[in-house]
Every structure is written in structure tokens, then in C-alpha cells.
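Participant: Input: one structure, supplied below.
What follows draws every value from the coordinates through simple rules; no lab data is involved. Fair warning: this is a prediction, and the values are worked out from it, not measured in the lab. For neighbour counting, all protein chains shown are included, and Cβ atoms are generated from backbone atoms with ideal geometry for every residue, glycine included.
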Amino acid sequence: MIVATLDGVLHPSDQPLLRPDDVGVLRGDGVFETTLVVDGVPRDLEEHLARLAVSATMIDLQLPADDEWRRGIDAVLQAWTPLPDRQMVLRLIATRGPEHADVPTCYVTGGPLPEATCAQRDGVRIRVLPRGFAGREIVVMPWLLPGAKTLSYAINMAAIRHAKSLGDQDVVFVGTDGTVLEGPTATVVLAVGDTLTTPPRDGILDGITVRRLFAAAEKAGWTTRRAEFETERLLSAGGAYLLSSARILAPIVSVDGTARPIGPRTAELAALLELPGAPNGR
């Protein structure tokens with residue numbers, strides 16, 4: 001892993017960077033973004049910087065300017081030695097910093113794309129789990145940080161571990177009203193004919209990869225929409241996918257142990273997303 005602070009200085013990845021009293025460690029108080037770098041170019045960097053700022057505003061955290069983040073990002077990109085697959089996972093991390101100091105801790109990391117993550121581009125088995133609230137309910141509870149990408153990921157990781165204990169690989173959360181929300185680290189998209197559907201933004205993270213897909217798909221003649229749907233659609237739709245910044249596009253091939261086919265237009269969607277290795281993709 002390559003680590004850089006926002007002054008452009010590289011730091012050994014096996015030496016301490018955070019203070020023991022950093023509240024990012026003590027309480028998960030901070031925000032982050034993750035994206036994929038292909039051939040030295042971060043995907044959707046402007047959008048990730050903007051969403052980082054939105055998340056920071058939601059937790060009342062003052063971040064450095066984008067130019068400072070770019071200095072750290074450039075240091076990581078310049079130090080990266082490309083692997084044969086040309087891909088790197090880039091993370092932007094900001095904690096609230098040491099207790100009582102009121103100075104955020106900000107840094108950038110770069111590392112190889114995990115093989116397990118890359119493998120899910122060929123298919124992912126998911127487990128449906130209750131989230132405990134409906135999207136429309138949590139919108140009026142801003143203290144629960146709906147739609148913020150924070151460091152408090154313990155529940156998300158616990159959900160994935162539970163799914164793995166049952167023989168699956170990932171999770172799709174469903175609301176108390178029975179509608180699909182999102183995955184712990186991904187957004188859900190259905191493909192039916194020429195129409196792509198993703199859940200409304202209420203109570204979930206605004207997926208940057210979904211935005212990218214919808215923009216490209218609309219230019220290619222698809223219809224896109226944000227609408228509620230129930231878990232049964234994960235099996236009955238022509239195609240069902242998890243989208244995230246590193247995996248990009250992962251076809252759902254099993255729901256709660258019931259197999260489903262890969263959508264017939266998966267290769268087309270992968271090309272629209274410029275998925276590395278996809279036809280007409282980078």
C-alpha cells in the first residue's frame with residue numbers, strides 16, 4: 001500500500017500515521033471515499049471529491065480544499081507501479097482528528113484491487129437482510145446520517161460476515177416496508193428490457209457508479225429511473241446488479257441461495273461503464 005498526506009509526502013504503510021486518541025479510531029468519526037484507478041487515471045474523481053465534501057458537511061467536519069487532496073492523490077499516483085491488470089484502489093480518508101484538537105487527520109492510500117473484489121465482476125451471491133427502517137422514515141432523522149459515507153462501517157462489515165457464514169458473498173438491505181435499499185458497499189440496479197431501475201435516494205448513499213451508468217445508458221437509448229421495488233424483483237428481473245466504485249458492475253447470480261441467471265445485456269452495461277476488460281471498455 002502507498003500512503004500520502006495532503007502535503008504530498010509519502011509515508012511507510014507499516015509505520016503509524018494516526019494518534020491513539022484519533023476519534024476516527026476511537027469512534028469511527030470521519031468520512032471517506034473509494035474509487036478505482038485505471039492506467040493512472042482515477043475514475044469519477046470530481047464526483048468523489050464532491051461526495052466527500054457532502055458527507056463531511058453532514059457530520060459537521062471541516063475538510064481541506066480539493067487542491068490539497070489532489071496533492072496527496074498525485075503523490076500516490078506517481079508512486080504507484082502498475083500491476084499487470086493496470087488497476088489500483090484509491091481511498092481518501094478524513095477523520096475528526098485527535099480528541100480536543102479540532103484538527104482533522106487527512107490522507108490518501110493506494111493499493112491493489114483485491115482478487116475477491118475483481119472476481120465478483122463475474123457474479124456475486126447475495127443475502128437479503130433487514131435494515132430496520134424504511135428509506136422514507138430515516139430521511140427525517142439526519143442524526144442517523146442517511147446517505148453519508150462515514151468511517152462507521154462496523155454494521156456493514158458485520159452484515160457481510162453474516163452473509164459469508166451462510167455461504168454468500170454480499171448483502172442487499174431491505175427496508176421495513178419491504179422495499180430494496182442498498183448493499184453495505186454497493187448500489188442495486190435492475191435491468192428489464194431497455195429500462196434500468198435503482199432505488200430512490202431516500203436513506204441510501206447516492207451511488208456515483210450508478211450515476212455514471214445512467215448517464216451513459218441514456219445516451220445509448222436506455223430508459224433510467226429511480227423507483228421502489230421489492231426483493232422478489234432481484235430474482236425476476238432480466239438482470240440484477242451491485243454497482244460500486246471498485247467492483248464497478250457485479251451481476252447477482254444468487255439470492256438467499258436461489259440461483260438466478262446473469263442478465264442477457266450484462267456485457268453491454270459493462271461496456272457502458274468502461275469496465276476494464278469489457279468489450280469497447282478501457
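Participant: Run the numbers for Ala50 and Asn156: contour at 0.36 nm per residue of separation, minus the present Cα-Cα distance, in nm.
Facilitator: So the chain would gain 35.9 nm between Ala50 and Asn156.
Participant: Given Cβ point charges of +1 (Lys, Arg) and -1 (Asp, Glu) and nothing else, what value in debye, to the nearest 20, does the dipole of segment 1-124 about its Cα centre take?
Facilitator: In total the dipole reaches around 180 debye.
Participant: Taking the Cα centre as origin and putting +1 on Lys and Arg beta-carbons and -1 on Asp and Glu beta-carbons, what dipole magnitude results for the chain, to the nearest 20 debye?
Facilitator: Computed about the Cα centre, the dipole is about 640 debye.
Participant: Rounded, prolate or oblate: which one fits segment 31-157, using the alpha carbon gyration tensor with axes a ≥ b ≥ c (rounded when a/c is under 1.5, else prolate when a/b beats b/c, else oblate)?
Facilitator: Oblate shape, in that a/c is at least 1.5 and b/c is the bigger or equal ratio.
Participant: Note down the relative contact order for segment 31-157 as a percent, whole number, built from C-alpha pairs under 8 angstrom at least six residues apart. Walk me through the numbers on the way to the answer.
Facilitator: Numbers: 134 pairs, mean separation 38.4, N = 127.
After rounding, I find 30 percent.
Participant: So I have (1) 25.4, 92; (2) 18.8, 55; (3) 17.3, 49, and one of them is Rg and Dmax of the Cα atoms in Å calculated from this model. Which one is it?
Facilitator: Recomputing Rg and Dmax of the Cα atoms in Å here gives the entry labelled (2).
Participant: Follow-up. Cα centroid distance between segment 78-134 and segment 181-216, in Å?
Facilitator: Using only Cα atoms to place each centre, the spacing works out to 19 Å.
Participant: If you don't mind, another one. Note down the relative contact order for segment 118-272 as a percent, whole number, built from C-alpha pairs under 8 angstrom at least six residues apart.
Facilitator: Relative CO of segment 118-272 lands at 29 percent.
Participant: With angles folded into 0 to 90 degrees, how steeply does helix 208-219 sit against the dominant principal axis of the chain? Use alpha carbons for both and round to 10.
Facilitator: Helix 208-219 and the main axis of the chain meet at about 50 degrees.
Participant: When DSSP assigns beta bridges and you keep just the ones with both residues in the chain, what percent turn out antiparallel, to the nearest 5?
Facilitator: Looking only at bridges with both residues in the chain, the antiparallel portion is about 80 percent.
Participant: Also: Select from segment 183-282 those GluC sites (Glu not before Pro) which occupy a DSSP coil region and have at most 15 other Cβ atoms within 10 Å, ordered by residue number.
Facilitator: Glu232, Glu274
Participant: Mind pulling the angle between the C-alpha long axis of helix 66-79 and the longest principal axis of the chain? Nearest 10 degrees, somewhere in 0 to 90.
Facilitator: 90
Participant: May I ask which residue of Ala246, Val54, Val188 lies farthest towards the positive end of the charge dipole of the chain, with charges of +1 (Lys, Arg) and -1 (Asp, Glu) on Cβ and the Cα centre as origin?
Facilitator: Comparing the listed Cα positions along the dipole, Val188 ranks first.
Participant: Based on the alpha-carbon gyration tensor of segment 159-256 and its eigenvalue square roots a ≥ b ≥ c, which shape applies: rounded if a/c is under 1.5, prolate if not and a/b is larger than b/c, or oblate?
Facilitator: It is prolate, given that a/c is not under 1.5 and a/b is the larger ratio.
Participant: Got a sec to turn the phi values of segment 162-168 into Karplus ³J(HN,Hα) couplings, 6.51 cos²θ - 1.76 cosθ + 1.60 with θ = phi - 60°, whole Hz, x for Gly and Pro?
Facilitator: Once rounded to whole Hz, the list reads 4, 4, 5, 5, 9, x, 9.
Participant: By how many nm would the segment from Asp14 to Leu166 grow when fully extended, if each residue of separation counts as 0.36 nm and the alpha-carbon distance is taken off?
Facilitator: Additional length available on full extension: 51.3 nm.
Participant: Normalising by the residue count of the chain, find the relative contact order in percent from Cα pairs under 8 Å and 6+ residues apart. Write down the numbers at each step before the final one.
Facilitator: Working: 574 pairs, mean separation 50.6, N = 282.
About 18 percent, as a whole number.
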